[in-house]
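The structure under discussion appears below in the form of structure tokens.
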Amino acid sequence: MGKLRSLSGLQPTGPLHIGNYFGAVRQHVALQDRAEGIYFVADYHSMTSLRRAARRREFVRDLALDYLASGLDPARSILYRQSDLPETTELTWLLSTVTPMGLLQRAHSYKDKLAAGQSPGHGLFSYPVLMAADILQYNPDIVPVGQDQKQHLEMTRDMANHFNHAYGAEVFRLPEPYVLPDVAVVPGVDGRKMSKSYDNALRMFWPPAKLRKAVMAIVTDSTPVADPKNTEQALFRLWALFATAAEREEMFARAARGGLGYGEVKRDLAERICTYFGEMSARRAELAARPDDVEDVLREGARRARALMQPVLAAAREAAGLGPPAPAQRTKR
């Protein structure tokens with residue numbers, strides 16, 4: 001049996017932060033050893049919130065650089081820009097025609113973004129259909145997801161079932177969720193979940209001086225140095241990401257005894273982050289100096305992705321009666 005086929009994408013809404021890395025990118029890189037990985041920069045999806053064209057192109061480049069610097073190997077995986085496959089939007093329409101309104105109204109992400117004040121445009125409402133097209137066009141075996149993303153895949157499976165049932169053809173395979181192992185919910189500098197939208201992120205590839213300044217600003221409680229510390233705070237949870245089990249045990253024991261200052265932990269965390277991402281940062285700088293090479297990776301990725309998705313789109317069009325009839329049907333007539 002060959003490798004499983006895996007599919008995932010990230011929106012280009014700014015450079016990656018360490019929450020993106022520990023929550024997804026690290027696992028995507030690790031999956032290359034056991035799955036045929038297809039990864040895309042979701043610039044169509046970014047259009048629901050980002051209106052500046054030049055910034056979108058900048059963020060696409062940044063995300064591609066971040067992925068490649070983190071170890072994604074274009075010889076083993078496919079990396080492409082979503083808008084380089086406009087065929088995806090055709091499949092989005094095919095799926096839209098069989099998707100119940102109620103299914104889209106139940107989307108947690110839509111409700112969350114409305115609650116956060118985002119304008120309820122059609123793109124925001126219907127983006128799960130585009131997401132389903134992203135997935136189903138490759139008939140992947142698995143889709144890497146975190147626990148909070150499982151609803152997206154459930155909706156995708158529902159849309160595939162609706163289309164298959166409507167046209168009496170098993171066009172789409174129902175992908176299985178692959179719940180990413182060792183996924184950390186990474187806190188931001190203010191204690192909330194690290195997010196670009198909260199402006200509380202630590203970027204993977206910030207210059208050391210900027211990173212150290214941001215780390216020193218991590219919010220902590222006002223416990224005096226001499227007293228025991230609560231290690232559930234964001235500072236200790238961030239520090240633990242970069243420590244071994246033995247180091248965590250020792251640090252948490254010191255925190256429980258008292259006498260440990262937050263400044264010491266912050267300085268150590270900053271050095272650990274700089275060291276952890278040091279080689280990746282150097283690799284990113286080398287790639288950034290060769291922008292044509294990065295474009296070549298995205299262009300070749302789109303070519304390979306198109307070759308995989310065309311048979312699926314052709315089967316969906318045939319099942320729905322779009323375009324001229326297949327040669328066999330013309331012969332029967």
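Rounded to the nearest percent, how much of the accessible area of the stretch 1-119 (1.4 Å probe, protein heavy atoms only) is carbon and sulfur?
Percent of accessible area from carbon and sulfur atoms in the stretch 1-119: 54.
Which value, to two decimals, describes the C-alpha radius of gyration of the chain once divided by 2.2 N^0.38 Å?
Against the compact-globule rule of thumb, the ratio is 1.13.
Of all DSSP beta bridges located in the chain, what percent are antiparallel, nearest 5?
That works out to approximately 10 percent antiparallel.
For the chain, find the longest principal axis of its Cα atoms and tell me its angle to the long axis of helix 122-136, 0 to 90°, nearest 10.
Between helix and principal axis, roughly 80 degrees.
Could you give the accessible area per residue of the stretch 181-242, probe 1.4 Å, as a whole number in Å²? List each step's numbers first, then the result.
Values: 3310 Å² over 62 residues.
Here the residues of the stretch 181-242 average 53 Å² of exposed surface.
Using θ = phi - 60° and the Karplus curve 6.51 cos²θ - 1.76 cosθ + 1.60, what whole-Hz ³J(HN,Hα) does each residue of the stretch 231-239 get, with Gly and Pro shown as x?
7, 7, 5, 4, 4, 6, 5, 5, 4
Express the carbon and sulfur contribution to the solvent-accessible surface of the stretch 202-289 as a percent, rounded to the nearest whole number, probe 1.4 angstrom.
In the stretch 202-289, the share of accessible area belonging to carbon and sulfur is 54 percent.
Which trypsin sites (Lys or Arg not before Pro) from the stretch 126-215 combine a DSSP loop assignment with at most 15 other Cβ atoms within 10 Å? Present the calculation step by step, with values, prior to reporting the outcome.
On the way: sites: LYS150, ARG157, ARG173, ARG192, LYS193, LYS196, ARG203, LYS210, ARG212, LYS213; in loops: ARG173, ARG192, LYS196.
Answer by residue number: ARG192.
With a/c under 1.5 counting as rounded, go ahead and sort the stretch 90-166 into rounded, prolate or oblate using the C-alpha gyration tensor (a ≥ b ≥ c being the square roots of the eigenvalues; past the cut-off, prolate if a/b is larger than b/c, else oblate).
oblate
Hey, quick one: spin label on ALA289, modelled 7 Å out along Cα-Cβ, who in the stretch 47-81 has an amide N within reach, i.e. under 11 Å?
Backbone N within reach: none found.
Report, by chain and number, residues whose modeled amide H sits under 5 Å from the one on GLN118, excluding near sequence neighbours (fewer than 5 apart, same chain).
The answer is none.
Order these peptides, 299-312, 218-231, by their mean beta-carbon neighbour count within 10 angstrom, highest first.
299-312, 218-231
For ASP199 and GLN118, compute 0.36 nm times the residue count separating them, minus their Cα-Cα distance, and round to one decimal in nm.
Extra length available between ASP199 and GLN118 comes to 27.6 nm.
For a test of the definition: using alpha carbon positions, the gyration tensor, and the 1.5 limit on a/c, classify the stretch 50-142 as rounded, prolate or oblate.
oblate
Compute the acute angle (0 to 90°) between the alpha-carbon long axis of helix 291-320 and the principal axis of greatest extent of the alpha-carbon atoms of the chain; round to the nearest 10°.
In the chain, helix 291-320 runs at an angle near 40 degrees to the longest axis.
Which residue, chosen from ASN139, PRO120, LEU94, occupies the Cα position most advanced towards the positive end of the dipole of the stretch 25-141, where the dipole is computed from +1 (Lys, Arg) and -1 (Asp, Glu) charges on Cβ about the Cα centre?
Positive-end residue among those listed: PRO120.
Can you give the translational diffusion coefficient of the stretch 181-283 in µm²/s, computed by Stokes-Einstein from the Kirkwood radius over Cα pairs at 37 °C and 0.692 mPa s?
231 µm²/s
The values are calculated or read from the model by the stated rules, or taken from the named source; none is laboratory data. This is a predicted model, so every value here is computed, not measured. Positions of Cβ are backbone-derived with ideal geometry, glycine not excepted, and every protein chain shown enters the neighbour counts. What goes into the accessible areas is simple: the full protein's heavy atoms, side chains included, and nothing from ligands, DNA or RNA. Shrake-Rupley method; radii C 1.70, N 1.55, O 1.52, S 1.80 Å.
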